[in-house]
Amino acid sequence: MMDIGEIRKYLPHRYPFLLVDRVVELTPGESIVAYKNLSINEPYFDGHFPGKPIFPGVMLLEAMAQAAGILGFKSKGKTPQDGSIYYFAAADEVRFKRPCVPGDRVMLRATLLSERRGIAKFAVSSDVDGELAAKATILCADR
């Protein structure tokens, strides 16, 4: 398990763009399970949408990519402090199935599919209470 202190060692993001609260499972070179707790106090809920707050889909995709980034860093034994960074390079087959709202615990899952010449391919998904929220295939570039 990784708490927010350890997560901050593996992701360069900071508030309000750090979107992984905790890692609950991690097998380097294989997969990760993490989560993001959605609180009504988060700044994007004021404008997306007034009276019916919904976690923006692009933020959900970013949260899944951040979980994949942690998996990538841990798999390579690197951190941003080493001068390495994972860039979100592509997203394919993105599907949103369920809106995420304040009060939800969004589970973030990533599986490493392949890695070649510093480009890692991940299958990512998110769910709330076992119900699929989104899924995609993403590429991250290690630079």
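Assorted remarks:
- For the chain, a Gaussian network of Cα nodes joined below 10 Å ranks 89, 34, 133 by mean-square fluctuation, and the top entry is 89.
- Between amide H atoms placed 1.01 Å from N, distances below 5 Å from residue 21 occur with 35, 36, 37, all of them 5 or more places distant or on a separate chain.
- Check: the chain dipole with +1 on Lys, Arg Cβ and -1 on Asp, Glu Cβ, in debye: 340
- Of the solvent-accessible surface of the chain, computed with a 1.4 Å probe over protein heavy atoms with every protein chain present, carbon and sulfur atoms account for 51 percent.
- Inverse of mean 1/r across different Cα pairs in the chain, Kirkwood, Å: 15.1
- The residues of segment 88-135 expose on average 59 square angstrom of accessible surface per residue, using a 1.4 Å probe on protein heavy atoms.
- Cross-link partners of residue 52 among lysines (Cα-Cα below 24 Å; sequence separation of 8 or more within a chain): 36, 97, 135
- Alpha carbon centroid spacing (whole Å) that separates segment 94-135 from segment 8-22: 16
- With the highest mean first, a sort of the peptides 39-51, 111-123, 67-79 on other beta-carbon atoms found within 10 angstrom per residue produces 67-79, 111-123, 39-51.
- Angle between the chain longest axis and helix 57-76 axis [Cα atoms, degrees, rounded to 10]: 20
The values are calculated or read from the model by the stated rules, or taken from the named source; none is laboratory data. Here the structure is a predicted model, which is why all the values come from computation and not from measurement. When we count neighbours, we look across all protein chains shown, and the Cβ atoms used for this are built from the backbone with ideal geometry, even at glycine. For accessibility, only protein heavy atoms count, side chains too; no ligands or nucleic acids. Shrake-Rupley method; radii C 1.70, N 1.55, O 1.52, S 1.80 Å.
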